[in-house]
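Just so it is clear, none of the values below were taken in a lab; they were calculated from the coordinates. Computed from a predicted model, the values in this text were never measured in an experiment. In this analysis, Cβ positions are derived from the backbone assuming ideal geometry, glycine residues included, and neighbour counts consider all displayed protein chains.
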Amino acid sequence: MQYSTFPYRLTPPASEAISEATARKWLRLETGVTDSDTETITALIASAVDSFQQRTYIKQLMQAEWEWMLNCLPVNIPVEPNVQNLTIKYKAVLTDATWTDFDSAKFIFYKTGERTNTIDYLIDLPKVAIVKVNFKLGFLTANEIPPDYFRPIRAILSNDFDNRMDGLGEKKNFSDKLMEQYAHYAVR
């Protein structure tokens, strides 16, 4: 039986990458105002950050805890950026009641490129049936996020805010727009 999974998020980030005040400034809206747009802006911020993460394959912008279950010891962590606090636990037999800690002094985790990393083991590897890898992923504060990440997020947020009501109105397709000049309006 296979126990391998993709890394998954255990706990969500404690803080947001973009505050409502920052989003209001980007959208050129009045700050410090509580109005009906607050919920909309908050939802659009979350949507813009999620969209950015999906389009760039950055799994987590703000720091959150992740876990990964495998049937062997990992050779890298397939998510970026900013992997921290890496711990590895294993069971030699699936029916073992407790997890055994893999001593962090016996492996080295390091970046090998902009979005790649490696785990090198310094000892003979133990026999494992299942491995649990825990780590933190993402930036601790919004100030640590590279400034070039904010540009696409701002563009997504602005576009979504400007077009937030488009789904409610009737949209005309291109042929309807071309035919408007030929329309005959009833005279009353």
Condition first: under 25 Å from the mean Cα position of the chain (by Cα) and under 26 Å from E16 (Cβ atoms). Can you find one or more residues in segment 85-96 that meet it? yes
Being without any contact (Cβ under 8 Å) to a residue 40 or more places away in the chain and in a strand (DSSP E or B) narrows I119, I123, I108 down to just I108
